[in-house]
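Right, one structure below, let's go through it.
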Amino acid sequence: MNNGKPPRIWVSNATPKKGDVLRVRAQIEHIMESGLRTDAEGKIRPRNIVTQFEAKLGNALLFTWEPGISISQNPYIEFTFLARESGDLNFLWKDDTGETLMAKKPITVG
């Protein structure tokens, strides 16, 4: 899915106070082929896009996204949430080929 490169993840504050708004940015490398283009020989390139993104704090779902074919290569996502408890931010990407990519970023609420 990402040629062995880890996703880029940024959290505005890894040690927030309870109730702080945290901003999260995440980006992976992915071709995001729409299935509408042809190659040099005129054959349609098979569709392969990221079909699902999830962000959880522990097991609690924070954000989910189902991108469509109009999203560019190397999709970037940004969202915010209120810091309520410490834990690992768990990220999951899935694509049309069934490949998944997971990442984790700890936060400690003080």
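The table below gives the values:
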| item | result |
| --- | --- |
| Scan of region 2-39 for residues that are among the hydrophobic types (A, V, I, L, M, F, W, C) and under 30 Å from Thr108 (Cα atoms), ordered by number | Ile9, Trp10, Val11, Ala14, Val21, Leu22, Val24, Ala26, Ile28 |
| Residues that are in a strand (DSSP E or B) and either closer than 14 Å to Thr51 by Cα or modelled with pLDDT under 95 (or both), drawn from region 73-90 | Tyr76, Ile77 |
| Meets criteria (modelled with pLDDT of 95 or more, β-branched (Val, Ile, Thr) and open to solvent by less than 60 Å² (accessible area, probe 1.4 Å)) for Val11 | yes |
| Restricting region 83-99 to residues that are touching a Leu at 6+ places or on another chain (Cβ under 9 Å) and more than 17 Å from Asn59 (Cβ to Cβ), the residue that is most open to solvent (accessible area, probe 1.4 Å) | Lys94 |
| Region 9-45 - residue that is in a loop (DSSP other than H, G, I, E, B), in contact with a strand residue (DSSP E or B) (Cβ under 7 Å, 6 or more places away or on another chain) and not aliphatic (A, V, I, L, M) and, of those, farthest from Leu82 (Cα to Cα) | Arg45 |
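The values are calculated or read from the model by the stated rules, or taken from the named source; none is laboratory data. Remember, predicted model here, so these are calculated numbers, not experimental data. Every residue, glycine as well, gets a Cβ built from its backbone with ideal geometry; the counts of neighbours run over all protein chains shown. Side chains included, ligands, DNA and RNA excluded: accessible areas come from the protein's heavy atoms. Shrake-Rupley method; radii C 1.70, N 1.55, O 1.52, S 1.80 Å.
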